[in-house]
1. What shape does segment 221-284 take by its C-alpha gyration tensor, where a ≥ b ≥ c are the square roots of the eigenvalues and a/c under 1.5 counts as rounded, a/b above b/c as prolate, and the rest as oblate?
2. Among all the lysines, which ones have a C-alpha under 20 Å from Lys164's C-alpha, if same-chain residues fewer than 8 places away are not counted?
3. Over the chain, with a Gaussian network built from C-alpha contacts below 10 Å, which listed residue (Leu281, Leu155, Leu104) shows the highest mean-square fluctuation?
4. Through the Karplus equation 6.51 cos²θ - 1.76 cosθ + 1.60, θ set to phi - 60°, convert the phi angles of segment 92-98 into ³J(HN,Hα) values in whole Hz; use x for Gly and Pro.
5. Any chance you could give the angle, 0 to 90 degrees and rounded to 10, that helix 3-22 forms with the longest Cα principal axis of the chain?
6. Amide H to amide H, which residues 5 or more places from Leu96 or on other chains are under 5 Å from it, using H placed in the peptide plane?
7. When Rg is the radius of gyration of the Cα atoms in the chain and Rh is its Kirkwood radius, what does Rg/Rh come to?
8. Note the angle between two axes, namely the Cα long axis of helix 27-36 and the longest principal axis of the Cα atoms of the chain, as a number of degrees from 0 to 90, rounded to the nearest 10.
Amino acid sequence: MNYRKTGIAILASAVAGLVTACGTGEASTAEETEQAIVTPLPVEVVLPVKAEIFATYHTTTTISSDADAPVPARVAGEVVEIFVEEGDLVVEGQTLARLDGERLRLEMEQARANLNKVTREYERSISLHDRGIVSSASFEAMQFDVDALRANYELKRLNYGYTKVRAPISGVVVSRDIKLGQQVNSGDTAFRVTDTTNLVAHLKIPQSELSKFSAGHEVEISVDSMPDEIFVATIARISPTIDVRNGTFRATAYVNNQSGLLAPGMFGRFDIAYEKHSDALVIPAAAVIEEDNQTVVYVVDGGAAVRREIQTGIVDGGAIEVLSGLDETDQIVVTGQGSLRDGSKVLASIPVVTPLAG
């Protein structure tokens, strides 16, 4: 049996009887008695905890690749072989496709034959030049012919080598833009290769926040497709000039993506912790309210709510640092404080220590 509630009901009935018996002259005494037995307001409380808390700057941007290369055809020709498909991993220099290069091969062989012919004539003329039979002018002209033919041969050999379309970087084939039998021209894009192991993000930092950051700061990243995963990046550099279009500085952060879970083009949320307070007194931010230009909380003391002005520090998500006004033994109201006044009777839940930061 709830003796407290029963006693309140009996006392209320007695007060009502007194009001009826004594008339209007006794009304003020009855009101005072009713105020004294107001039902306590239910509230939930927690205890402040000691924890690490970080001052964090939040921003968003798109993750991109720092190494992304279109792979063009260097010479014209028909596509006769394709060796890779989209999604394949390739290494720098690997052959991705081959063009018909028979004409270029024949041109290369012709250039080599011409070079060999003139080279032999030049070698025979050396002894003749030494004996004075061949003039110096003729001998020098023959040297120039050899050099010119050697350069022509190397050019033909290079063009023939271009019939093999090779990867300029290591990475993943993200697109194949040619088909078997297709006639391509020099400069046409055949593939696109992206290195996804090292990604990059360009963060915009307002002028007012610039002094808080420097190269080497770690950045935590979250993406919508993997909400429970946290990825880490590092700020490599901060541009010394301001972007006049939006008044921000650009910080470049590199993301180690050896796991391959992230992909270029993903939209990421970036959290940069620029200040850490260890062993801070922390309470839920939901407990704090603003009243009369003061930051206050309500503390339960002896069954009553006590209004307490506090000084706050770092705010980190759902936690807030308390610099003064509280200690670890105070029971802080976190639910129901909006209807409280200083001295309100409350019925508090059992205090629960909840991890708020870290």
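1. Cα axes put segment 221-284 in the oblate bin.
2. Within reach: Lys156, Lys179.
3. Of Leu281, Leu155, Leu104, the most mobile in the Gaussian network model is Leu155.
4. 4, x, 5, 6, 9, 7, 10
5. Roughly 50 degrees between the two axes.
6. Hits under the 5 Å cutoff: Val165, Arg166, Ala167.
7. Expressed as Rg/Rh, it is 1.40.
8. The angle comes out near 40 degrees.
Every number here is computed from the coordinates shown, using simple stated rules; none is lab data. In this text the structure is predicted, and so the values were computed from the model without any measurement. So basically every Cβ, Gly included, is an ideal-geometry build from the backbone, and we count neighbours across all protein chains shown.
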